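Chemist: One structure, pasted below without further comment.
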Amino acid sequence: MLDTMSAGPAQGAAQLGWTGVVRFLHLAPRAFLPMRAAETLTLVAGKGIEGDRYMIGKEEGFYSHKPEEGRQVTLFELETLVALKRDAGIELGPEEHRRNVTVEGVPLNHLVGRRFWLGETLLEATRLSVPCRHIEEITGKAIFDPLINRSGLNCKILRGGIVRVGDIVRNAA
Amino acid sequence: MSARPITTVKTVVTGIEEAGAGVKLFTLADPDRWELPPFKPGAHIDLHLPNGLVRTYSLCNEPAENTRYAIAVKREADGRGGSRALHDEIGIGDVIGVSLPRGGIEPQAHIARYVFLAGGIGVTPFLSMARHLERTQQAEFTLHLIVREEVPLAAQLGSLVEQGRIIVHRTSRTGRPDLAALVGEGGSETVVACCGPESMIESFERVTAAWPAASVHIERFTAPSPVIDPDAKPFTLSLARSGAEIHVRAGQTILAALQEGGIDVAASCCGGICGACKVGWIEGQPVHRDRILSPYERERYLMVCVAGSDAERLVLDL
C-alpha cells in the first residue's frame, strides 16, 4: 500500500507536482577545503563532477574510502538554510553545507529512488544525505542536530551535461 | 579510491626561507593553490610529518591570505625531532598533511588595545595577529619581543620594528624587562597575551592574576591537554573474535580507540544517527548515546562513534 505513489491525477484534477530552480553551485577538489562557488558545473554520467573531490577515479574526499555511486552529485534545499536561521538562529551559507547544488522549490526528501532533471542533466536519487560531525568541525557551527532529516540528497548521474545557476529542476516522468 | 580515510588537509611545501637565529619559514599551499580552510589570527595547525611525527606550529601569516599557511620553525637540536625533520628533511614540493586550524584570538570590536609579550620564537602566534591588526586598523597594539640577543624573523618583523609597533628587549644588554611595566594597566578594552618559555608564562600569570580572564590570553609551546568531561573514565575493550584488548582513554570514543588499534570499522556521521558503525556487544555495561537503536537493539548492539562504557571492561563482537 505504501510502497508506491498514487497513480493518476487527484480528485478534482488538482495538479500534483513541483518545479524548482538551481540557486547555487559549489565544488572542492579535496577534503576539508572550502567549497568554491561556480556559475556552471560539468556533470559526467556515472562518474561525478569535473574538479570535485568525489569524481570517480580521482577521489580525494572525506568519504572517498567508502565509495558510493550516489555521491556523484549532492543537492541541498535553500529552504533548509532559511529554516536554520529562522528556527535555530544559525546562519549557514550555501558554501558551508558542502553539497554541490543548492536548489529552491525542490522537495528533495520526496525524491529518493526517483529520477529528475537538473537542467540538461538527468539524475537518480539514491538516498537522503545524513549530517556528519565532520561538517561541524569544518564550519565550527553546531548544525548536526538541526540538519537531521534535512541534510540533502545523494544522486547518481544518468545523463551528463552542464548545469548552470538558474537552471530548472523538474520531475522526469 | 583511497584505502584509508583522509584525515588531514593535503598541502605541498611551496617555500622555505632562512629567517635568522636558526629559524626557517615554511610556506604550505594546496597542490592547485585552492583556498585553504580559514583561520583566526594566532591560530595553529598540526603538521603530520612524513616520518610519522605530529607537531603543532603557529600560523604566522595574515588570515586574509587564504591560499597559504606560513609557519616559522626554530631548529631545536635537542628537541623531540619535529623541527629537525622539517629543517633537515623537508624540501620544496614535499607533501605534508595538516590539521584544520585551531585556536587563535577573534578580534573583538570593543577591544581598543592589545599588548603581546613574546619570548624568542614565541613571537610566531602574534605575527598573524599583528599583521591582521595592522591591516584592519581596528585596535592599537604593541608587541614586546624579549630575546637574548638575536631577533628571529628579523626580516619579517622589520617594518613593524621601525614603526615602533614591535619593541625588542635584548636581555644580554638590558636584563629581563619588568613584565608588569610592559602590560601596564588592565581594563575591559585591553587584551594582553603571552607566548614564550614556561618561566616567562609563569611570570606573566602572576602579573595578570587579578585581571579578568577574558582579557588574558596564553599560548604555550606544547599543546594543552584536551578538555575532557570530568565524569569520563577510561575502560578496556575486549574483542571477542580477535582476542585483542584495546584501551579507551577517558573522553575518547570507542571508534577512535579501535582506529588507533588498527581495527577498521565503518563509520560515517560520527554522531550516532546514520547507523554505519553498529557493532555487537557481548558483555559489559554500554552507555548508549545514539539516536537510532531501539531498546531491543541496544541489548545486542551499540554505535561505536558515540557509545561509552559504565564498566571497566566492554566485550565487543569484533
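Chemist: Determine which single condition B:Val23 fails, assuming it passes every other condition in (1) surrounded by fewer than 19 Cβ atoms within 10 Å (Cβ to Cβ); (2) more than 16 Å from the chain's Cα centre (by Cα); (3) not acidic (Asp, Glu).
Modeler: (1)
Chemist: Then there's this: Could you look through region B:1-20, keep only residues that are assigned to a loop (DSSP other than H, G, I, E, B) and hydroxyl-bearing (Ser, Thr, Tyr), and pick out the one that is nearest to the chain's Cα centre (by Cα)?
Modeler: Applying the filter and picking the extreme gives B:Thr8.
Chemist: Report the residue count in region A:139-159 for those that are more than 14 Å from chain B (Cβ to nearest Cβ) and without any contact (Cβ under 8 Å) to a residue 12 or more places away in the chain.
Modeler: Summing the residues that are more than 14 Å from chain B (Cβ to nearest Cβ) and without any contact (Cβ under 8 Å) to a residue 12 or more places away in the chain in region A:139-159 gives 0.
Chemist: Among the residues of region B:6-30, write down those that are in contact with a Ser or Thr (Cβ under 8 Å, 6 or more places away or on another chain) and within 14 Å of chain A (Cβ to nearest Cβ).
Modeler: Once the filter is applied, which keeps residues that are in contact with a Ser or Thr (Cβ under 8 Å, 6 or more places away or on another chain) and within 14 Å of chain A (Cβ to nearest Cβ), region B:6-30 yields B:Ile6, B:Thr8, B:Val9, B:Leu28, B:Ala29, B:Asp30.
For (1) in a helix (DSSP H, G or I); (2) assigned by TED's automatic domain parsing to the domain that holds B:Thr124; (3) surrounded by 11 or more Cβ atoms within 10 Å (Cβ to Cβ), each residue gets a yes or a no:
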residue: B:Arg173; (1), (2), (3): yes, yes, no
residue: B:Arg176; (1), (2), (3): no, yes, yes
residue: B:Leu182; (1), (2), (3): yes, yes, yes
residue: B:Gly186; (1), (2), (3): no, yes, yes
residue: B:Cys194; (1), (2), (3): no, yes, yes
residue: B:Ile201; (1), (2), (3): yes, yes, yes
residue: B:Glu205; (1), (2), (3): yes, yes, yes
residue: B:Trp211; (1), (2), (3): no, yes, yes
residue: B:Ala214; (1), (2), (3): yes, yes, no
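Chemist: If I filter region A:139-173 down to residues being hydrophobic (A, V, I, L, M, F, W, C) and part of a loop (DSSP other than H, G, I, E, B), which single residue comes out as modelled with the highest pLDDT?
Modeler: A:Val165
Chemist: Taking the conditions exactly as written (at pLDDT below 90, within 22 Å of B:Ala181 (Cα to Cα) and of a type in the set (D, E, K, R)), does B:Arg148 satisfy them or not? Quick ask: steps written out before the conclusion?
Modeler: Working: at pLDDT below 90: no; within 22 Å of B:Ala181 (Cα to Cα): yes; of a type in the set (D, E, K, R): yes.
Answer is no for this residue.
Chemist: Now for a different question. Does B:Ile167 fit the bill of being within 25 Å of the chain's Cα centre (by Cα) and β-branched (Val, Ile, Thr)?
Modeler: No; evaluated as a whole, the condition is false for this residue.
Chemist: Out of all the residues in region A:109-116, is one or more farther than 30 Å from B:Ala266 by Cα and at pLDDT 95 or above?
Modeler: Step one: list which residues in region A:109-116 are farther than 30 Å from B:Ala266 by Cα, which gives A:116.
This time we only want the ones that are at pLDDT 95 or above, so: A:116.
There is at least one residue in region A:109-116 that is farther than 30 Å from B:Ala266 by Cα and at pLDDT 95 or above.
Chemist: Further question: If you take the residues of region B:258-277 that are in contact with a strand residue (DSSP E or B) (Cβ under 7 Å, 6 or more places away or on another chain) and within 14 Å of chain A (Cβ to nearest Cβ), which of them is surrounded by the fewest Cβ atoms within 10 Å (Cβ to Cβ)?
Modeler: Of everything passing the filter in region B:258-277, B:Val265 is surrounded by the fewest Cβ atoms within 10 Å (Cβ to Cβ).
Chemist: So which residues in region B:36-49 are in a loop (DSSP other than H, G, I, E, B) and under 17 Å from B:Gly15 (Cα atoms)?
Modeler: Within region B:36-49, B:Leu36, B:Leu49 meet the criteria.
Chemist: Same structure again: In region B:64-87, is there at least one residue being within 30 Å of A:Pro67 (Cβ to Cβ), of a type in the set (A, V, I, L, M) and under 17 Å from the mean Cα position of the chain (by Cα)?
Modeler: Within region B:64-87, not a single residue is within 30 Å of A:Pro67 (Cβ to Cβ), of a type in the set (A, V, I, L, M) and under 17 Å from the mean Cα position of the chain (by Cα).
Chemist: Here is a follow-up. Would you mention how many residues in region A:33-60 are within 12 Å of chain B (Cβ to nearest Cβ) and either surrounded by fewer than 24 Cβ atoms within 10 Å (Cβ to Cβ) or hydroxyl-bearing (Ser, Thr, Tyr) (or both)?
Modeler: Summing the residues that are within 12 Å of chain B (Cβ to nearest Cβ) and either surrounded by fewer than 24 Cβ atoms within 10 Å (Cβ to Cβ) or hydroxyl-bearing (Ser, Thr, Tyr) (or both) in region A:33-60 gives 13.
Chemist: Let me ask another. Pull up region B:97-122, narrow it to residues that are over 21 Å from B:Ile218 (Cβ atoms) and under 16 Å from the mean Cα position of the chain (by Cα), then point me to the one that is modelled with the lowest pLDDT.
Modeler: The extreme case among them is B:Leu100.
Chemist: Looking at (1) at pLDDT below 95; (2) over 30 Å from B:Lys40 (Cα atoms); (3) more than 14 Å from chain B (Cβ to nearest Cβ), which one does A:Ala88 not meet, given that it meets all the others?
Modeler: (2)
Chemist: Please find, within region A:36-85, the residue that is modelled with the highest pLDDT out of those that are in contact with a helix residue (DSSP H, G or I) (Cβ under 7 Å, 6 or more places away or on another chain) and over 15 Å from A:Thr126 (Cα atoms).
Modeler: A:Glu77
Chemist: Then there's this: Any idea which of B:Leu302, B:Leu255 is assigned to a strand (DSSP E or B) and farther than 30 Å from B:Pro41 by Cα?
Modeler: Only one candidate passes the filter, namely B:Leu302.
Chemist: Is one or more of the residues making up region A:116-138 part of a loop (DSSP other than H, G, I, E, B), among the acidic types (Asp, Glu) and in contact (Cβ under 8 Å) with a residue 60 or more places away in the chain?
Modeler: No, region A:116-138 has no match at all.
Chemist: Could we say that B:Gly81 is more than 14 Å from chain A (Cβ to nearest Cβ), closer than 22 Å to B:Arg220 by Cα and surrounded by 18 or more Cβ atoms within 10 Å (Cβ to Cβ) here?
Modeler: Details: more than 14 Å from chain A (Cβ to nearest Cβ): yes; closer than 22 Å to B:Arg220 by Cα: yes; surrounded by 18 or more Cβ atoms within 10 Å (Cβ to Cβ): no.
No; evaluated as a whole, the condition is false for this residue.
Chemist: Which of the following residues is out of contact with any helix residue (DSSP H, G or I) (no Cβ under 7 Å at 6 or more places or on another chain), β-branched (Val, Ile, Thr) and at pLDDT 95 or above: A:Thr121, A:Thr102?
Modeler: That would be A:Thr121, the only listed residue that is out of contact with any helix residue (DSSP H, G or I) (no Cβ under 7 Å at 6 or more places or on another chain), β-branched (Val, Ile, Thr) and at pLDDT 95 or above.
The values are calculated or read from the model by the stated rules, or taken from the named source; none is laboratory data. All of these numbers come straight from a predicted model, not from anything done at the bench. Every residue, glycine among them, receives a Cβ derived from its backbone with ideal geometry; neighbour counts consider all protein chains shown.
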